[in-house]
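Below is one structure; the comments refer to it alone.
The values are calculated or read from the model by the stated rules, or taken from the named source; none is laboratory data. These figures come from a predicted structure and were not determined experimentally. Here Cβ is always computed from backbone atoms with ideal geometry, including for glycine, and neighbour counts include all displayed protein chains. Side chains are part of the model used for accessible areas, which takes the heavy atoms of the whole protein and leaves out ligands, DNA and RNA. Shrake-Rupley method; radii C 1.70, N 1.55, O 1.52, S 1.80 Å.
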Amino acid sequence: MSVWRWFGWVVGLVGVMMLSGCGVVSGERAVDFVMLRDGHVRAALPGVVLLGLNCGLLGTLLIARRLTMLGDTLSHAVLPGIAAGFLWTMTKHPAALLCGALVTGVLSSLVTGWILGTTRLKADAAQSVVLTVFFAAGIVMIKLLPDGTKAGLDRFLYGQAAALDAGETMLLAVAAALSVVVIWWGYRGFLVLSFDPGYGRAAGLPVKGFHLLQMFLTTLAVVVSMQAVGVILVAGLLVIPGATAWLFSARLHRVLVLAALLGMAAAVMGTFLSFAGDGMAMGPTLVLCAGVMFGGAFLLSPRYGMARRMVSVLRHGRRVRREDGLKGVYRVLEDRGFSGAGFRLEESGLSERMVRSLERRGMVRFVSGGGWELTERGFGEAARVVRNHRLWELYLTRRAGFAEDHVHDAAEEMEHLLAEENIAHLMGVLGHPDRDPHGRRIPRAGDTIETSAARHE
Amino acid sequence: MNELMTGFGGLMVPRFDVEEVLIAPWTRYADATVWMVLMAVLLGVPCALLGNYLMLRRMALAGDAISHSVLPGLVISYLIFRDLGTLPMMGGAMVAGLVTTVLIEFITGRSRLKTDAAMGITYTTLFALGMFLVNRYAGRVHLDADCVLFGELEYVPLAEPSGLRVGRLGAVPMPVVIAGGMAVGTVGLLMVFSRWLLVTSFDGGFARSVGIRAGAVHYGLMALLSVVVVTALESVGLLVAALLVLPGATAQFFARRMGRLHGLAVVFAVTASVAGIHLGAWLNCPSAAAIALAGGAQFAVAWGVSVWLRGRAVEGVAG
């Protein structure tokens, strides 16, 4: 079960990061952390892990809909709500501030929707307008607060995970649980909303309802998370675990599970590092951990990673060069009427390295007395590439209306890409032809040097 | 508490007094206000023009993203050069801006992620890096995070004076001179390259066919954006995004052609600057935020009028 394999990977990743962290700090601190001996860690860890879980899930859904920057908008738009909550009650009671933030957060996504619906502005511009105006309103309101009350609000801007109390952790737990339950229950709805909302509307699904639900959950996540990591960095935790997870799979349910795991892993690592290196603020450390994870996945993801891509490009390049080399040898043998499989290196155009590489693959062998010859396998392979080339040239001239002297370059590329079923189809379409546009024979499957010689005139 | 409330209410809903509301903001610190208005206009006009191109390219959020991600550039530059002067800060910010752009392009080019996700990842990670560095070397970096976040337009008249003097007003503050240089440079570059920018925004294929390198134009635009953002950072902070987007977003209600769009955006940028500084002086709140609010109010009015006009047009057709 791949989910369990991922789980293993993520736990392993956390372990490695923590071990490397131990290199920086004393092992004693690490043990303190693992044994939860420190009060700050005990206060921060559960809340931060729940936050990672929640943000991972919701971020995955945002990325699927290309709404990532919504996290950015929300994280700015809660600011006036916080100030308004304070003005309303004149206390720094978290409940008031959170309610205010929730209201302006939801309001910001509604206003964005209205702007998109009634103007020609595109999503990015609409989000920018809402973001800047709400943010500015928040700043004005905060500056209007009586002196000495701003200090408490810094906690919302920059976050302070170590100061999470039981009630706040409970709130994070409720928000995370709500997200899990809603996404579990409405998985199909979110799937349709993410990938084909038009179909959803046609099928009578309440697409709009799911959209509003998603907006609400995301706002809630931002609002409850800001005390831990600060409003600006919540946006990072929303995006990064989800984006990392999308690099491993293209199936929504798998990505959701993985993003939740990665979010929690980033939370644990960030807490550890900020605990281990004294005086490192939690929010930035968390986001940096998530960023490092993303970097690793970007390079090394087994399916979509850059390393994988580079290796396959490299492999393809090598195969192309090998096949071109064999093709060159085939042409040499053809010019001699296939009187034998032997050839000299100079006439074939093969380099010393290339011929060795072909020898390792059993395509050519060294003949005592000087020179090389194609093996049976090598001849079959060469004939296959030449057949692909000539068949494609013929197809382009006969079917696609290309001029005879314009088809060679295209065929040079296609000859390496055509699979046997494409060939069978081409053969059928072209009526099992014998000659290419330039009058040369098209080899057949199963040709050997003897049959070629017999058919060559 | 009671005292606080009344004091507070007094602040929130000021007594209407023509002298106090309309005139005092301009006369009380007249000299300083002149510099603030000049600064706001010098920042607002190039931002408005640049923002129009950003919106054309659906990159309006790039301004916000870059304004966050220059932070590590500033800190690292400071840690290297031990200097908070203009040149090292500009250099650090430009490098950070370009790194941001390259990273975003790199991620979108080499993975399945789209621009929005790449942008989100890049700017939050870089911002976190910046905060981490500030945190780590807090004792040695005299960067005020609040200042970076919110900006202090009010400090402009108090900044060190430059050699330049203007009649009765005396020496021109250094930031105004720098902003002036930036404004002239930006407007000049945008004018020179306006055709390239337009062609690459609307039709990349055509641009390539006439030999314009869309990639180079893109990176050039981002470099310019980084310079503008860092010039504006000290005065308006993250609200530079408002200067970039709001005038153009308001102007597009009234204009469809680029020339008119630019003209109106400049007008709205200037009116928002003046109204914002007035508002800031009147309510005694940060002018940068007040400018953004004034820009937002302009947008809201234009939006409302356009919706109303469309409603009437529909009625007219129906009736």
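List of remarks:
- Hey, residue A:326 away from chain B (no Cβ under 14 Å) and surrounded by 16 or more Cβ atoms within 10 Å (Cβ to Cβ) or not: yes
- Residues in the stretch A:391-421 that are exposed (fewer than 11 other Cβ atoms within 10 Å of the Cβ) and part of a helix (DSSP H, G or I): A:405, A:409, A:420, A:421.
- Restricted to the stretch A:139-154, and to residues there that are in a helix (DSSP H, G or I) and more than 8 Å from chain B (Cβ to nearest Cβ), the residue that is modelled with the highest pLDDT is A:141.
- Selected residue (only one of A:309, A:315 is in a helix (DSSP H, G or I), within 8 Å of chain B (Cβ to nearest Cβ) and free of Cβ contacts under 8 Å to residues at least 12 places away in the same chain): A:309
- Filtered residue count, the stretch A:216-240, keeping only those that are among the polar types (S, T, N, Q) and modelled with pLDDT under 85: 1
- Matching entry among A:333, A:273 (being open to solvent by 40 Å² or more (accessible area, probe 1.4 Å), part of a helix (DSSP H, G or I), touching a residue at least 60 places away in the same chain (Cβ under 8 Å) and among the hydrophobic types (A, V, I, L, M, F, W, C)): A:273
- Residue that is least open to solvent (accessible area, probe 1.4 Å) [pool: residues in the stretch B:170-204 that are in a helix (DSSP H, G or I) and of a type in the set (Phe, Trp, Tyr)]: B:196
- Exactly one residue out of B:265, B:242, B:255, B:223 is small (Gly, Ala, Ser), free of Cβ contacts under 8 Å to residues at least 40 places away in the same chain and either open to solvent by less than 10 Å² (accessible area, probe 1.4 Å) or farther than 13 Å from residue B:45 by Cα (or both), and it is B:255.
- When the stretch A:119-134 is filtered for residues that are facing chain B (nearest Cβ under 7 Å) and either buried (at least 24 other Cβ atoms within 10 Å of the Cβ) or not β-branched (Val, Ile, Thr) (or both), the ones remaining, listed by number, are A:120, A:121, A:122, A:124, A:125, A:127, A:128, A:129, A:131, A:132, A:133.
- Of all residues in the stretch A:267-289 being out of contact with any Asp or Glu (no Cβ under 8 Å at 6 or more places or on another chain) and away from every other protein chain (no Cβ under 11 Å), the one that is modelled with the lowest pLDDT: A:276
- Qualifying residue in the stretch A:364-375 (condition: charged (D, E, K, R), in a helix (DSSP H, G or I) and open to solvent by 10 Å² or more (accessible area, probe 1.4 Å)): no
- For residue A:282, the criteria (1) open to solvent by 70 Å² or more (accessible area, probe 1.4 Å); (2) among the hydrophobic types (A, V, I, L, M, F, W, C); (3) closer than 30 Å to residue A:261 by Cβ hold in every case but one, which is (1).
- Only listed residue being among the polar types (S, T, N, Q), open to solvent by 10 Å² or more (accessible area, probe 1.4 Å), over 20 Å from residue A:177 (Cα atoms) and at pLDDT 85 or above, chosen from A:20, A:2, A:109: A:109
- Residue match in the stretch A:193-200 (condition: within 14 Å of chain B (Cβ to nearest Cβ), within 21 Å of the chain's Cα centre (by Cα) and open to solvent by less than 20 Å² (accessible area, probe 1.4 Å)): yes
Yes/no per residue for (1) out of contact with any Pro (no Cβ under 6 Å at 6 or more places or on another chain); (2) on the phi > 0 side of the Ramachandran plot; (3) not aliphatic (A, V, I, L, M):
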residue: A:401; (1), (2), (3): yes, yes, yes
residue: A:405; (1), (2), (3): yes, no, yes
residue: A:420; (1), (2), (3): yes, no, yes
residue: A:425; (1), (2), (3): yes, no, yes
residue: A:432; (1), (2), (3): yes, yes, yes
residue: A:436; (1), (2), (3): yes, no, yes
residue: A:439; (1), (2), (3): yes, yes, yes
residue: A:445; (1), (2), (3): yes, no, no
residue: A:453; (1), (2), (3): yes, no, no
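- Condition check for residue A:263: under 19 Å from residue A:71 (Cβ atoms), at pLDDT 90 or above and buried (at least 24 other Cβ atoms within 10 Å of the Cβ): yes
- From the options A:42, A:37, residue that is at pLDDT 75 or above, open to solvent by 60 Å² or more (accessible area, probe 1.4 Å) and assigned by TED's automatic domain parsing to the domain that holds residue A:160: A:42
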